[in-house]
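The values are calculated or read from the model by the stated rules, or taken from the named source; none is laboratory data. No experiment lies behind these values; they were computed from the predicted model shown. Positions of Cβ are backbone-derived with ideal geometry, glycine not excepted, and every protein chain shown enters the neighbour counts. Note: accessible area is taken over every heavy atom of the protein model, side chains too, but ligands, DNA and RNA are not part of it. Shrake-Rupley method; radii C 1.70, N 1.55, O 1.52, S 1.80 Å.
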Amino acid sequence: MTSSPKALDQYRRIVIKIGSALLVDRSSGLKKAWLDAICDDIAALRAKGVDILVVSSGAIALGRSVLDMHAGALKLEESQASAAVGQISLARHWSESLSRTSIVAGQILLTLADTEERRRYLNARATIHQLLKIGAVPIINENDTVATTEIRYGDNDRLAARVATMTGADLLILLSDIDGLYTAPPHLDPDARFLEEISDITPEIEAMAGGAASEFSRGGMRTKIDAGKIATGAGCAMIIASGKSANPLKSISEGARCSWFAPSGTPVTARKTWIAGQLQPAGELHVDAGAETALGAGKSLLPAGVREVKGNFSRGDTIAVLGPQGREIARGLAGYDAEDARRITGRKSSEIEDILGYAGRAAMIHRDDLVLTETSRKPPSVSTKKDTAHA
Ligand code: GLU
């Protein structure tokens, strides 16, 4: 993993977040020329083999402009209605603009629960991956029409960061009307220094972003730093850059000023850390010695090695894997609901379709969704009393 910025075409998968002000003008509506230009930038990166995902704001702003709504703050139901009107138009514009370069757009609208709940998270991730696989560019926004205050992200910076971690992106670019992070708000403090590279989001860096109260005047820097914590913690670099120029991605590649946040790990280890860090496992799989050895060698957990399924979990829930001694040896995301897992326990993967009536996954827990727990890496001689008690 690199620890310094590199040219955009050197990244494998980039999530680009676009702020409302870049796309929508209050009086004239969608900024078509700007959208066409960034679609050209996207096409150029895709031609170099980079996967691109877009998190596009602008539904509420565009709906407001289409509906010619009043200028003041909107009530929740007004912004939801604006989003309903604006999103359909926003998606159409993206689709039309991208199709100029023969790229197909696919719309994804997410709510907070879609990224917090593991099963929905896995389903959303699978759809996004499928879109990328068929060569479409996912155009993502929060589903503002149904999300109420308690269950919404409310800002697309953090949503974009979750999308980046969910899809294993190696770069997140936040485009807005500010070109990066300063030591203090530049319009208030003449001594404010621009920060080009941030290797670690320390409490000092967080303080520079200010609190929620000053969010507006700092161009929403608070949510951008929050996004940086989510993304870099999962091994994804982040860039905050101005999107004011017509071809902002090209400009970044050509050296335009921006703030670059270094990733703190690799996507894989961060993802596994996320799995290991899940709260209470929803169930247990008790496995035989052969399966324990296979897991230790980095293999997936197949139904054949499972002896017993405990608990009532759903596919995608975090579950614990216990070895023949009764010790937890791994944690992972269930490939099957508990009921189906019980039916295929001890059976060969080739028998799954006959037993369940559908072709499920070959593994009970896929190795990408599995992490060995700390105790399983210790030699038997350091077993604790607790381990013995369990045995
Ligand atoms: N989801 C909102 C919209 O599309 C924007 C939220 C944000 O920009 O942070 O209007």
Per DSSP H run of n ≥ 4, the term is -39500 (n - 2.57); total these for the chain, divide by its residue number, and report the mean residue ellipticity at 222 nm rounded to 500 deg cm²/dmol. -11000 deg cm²/dmol
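Past the 21 angstrom mark, what percentage of all C-alpha to C-alpha distances in the range 14-142 do you count?
Working: 3467 of 8256 pairs.
Roughly 42 percent, once rounded to a whole number.
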If each Cα of the range 302-353 is one equal point scatterer, what is log10 of I(q)/I(0) from the Debye formula at q = 0.16, 0.19, 0.27, 0.31 Å⁻¹? -0.43, -0.61, -1.18, -1.35
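Which values, in whole Å and largest first, are the semi-axes of the equivalent ellipsoid of the range 1-69 obtained as the square root of 5 times each eigenvalue of the Cα gyration tensor?
Working: eigenvalues 179, 31, 16 Å².
Semi-axes from the Cα gyration tensor: 30, 12, 9 Å.
Given the pairs K31/K244; K272/K299; K133/K224, which span a C-alpha to C-alpha distance of over 18 angstrom in this model? Don't skip to the answer; put the middle values down first.
On the way: K31/K244 11 Å; K272/K299 14 Å; K133/K224 29 Å.
Too far apart for the 18 Å limit: K133/K224.
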If you fit an axis through the alpha-carbon atoms of helix 156-166 and take the longest principal axis of the Cα set of the chain, what angle between them do you get, 0 to 90°, nearest 10? 30
For the chain, the fraction of alpha-carbon pairs in successive 10 Å shells from zero, as %: 5, 21, 27, 23, 15, 8, 2, 0
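Which order do the peptides 237-243, 308-314 take when ranked by the mean count of other beta-carbon atoms within 10 Å per residue, highest first?
For the peptides 237-243, 308-314, the packing ranking is 237-243, 308-314.
So how do 316-329, 63-76 stack up, highest first, on mean other-Cβ count within 10 Å?
Values: 316-329: 20.1, 63-76: 13.8.
So the order, starting with the most tightly packed, is 316-329, 63-76.
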Relative packing of peptides 164-175, 138-149 - highest average C-beta neighbours within 10 Å first: 164-175, 138-149
Using alpha carbon centers only, the range 1-67 is separated from the range 300-347 by a whole-angstrom value of 42
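For the range 1-150, what is the accessible area per residue in Å² when the probe is 1.4 Å?
Details: 6740 Å² over 150 residues.
Value returned for the range 1-150: 45 Å² of accessible area per residue.
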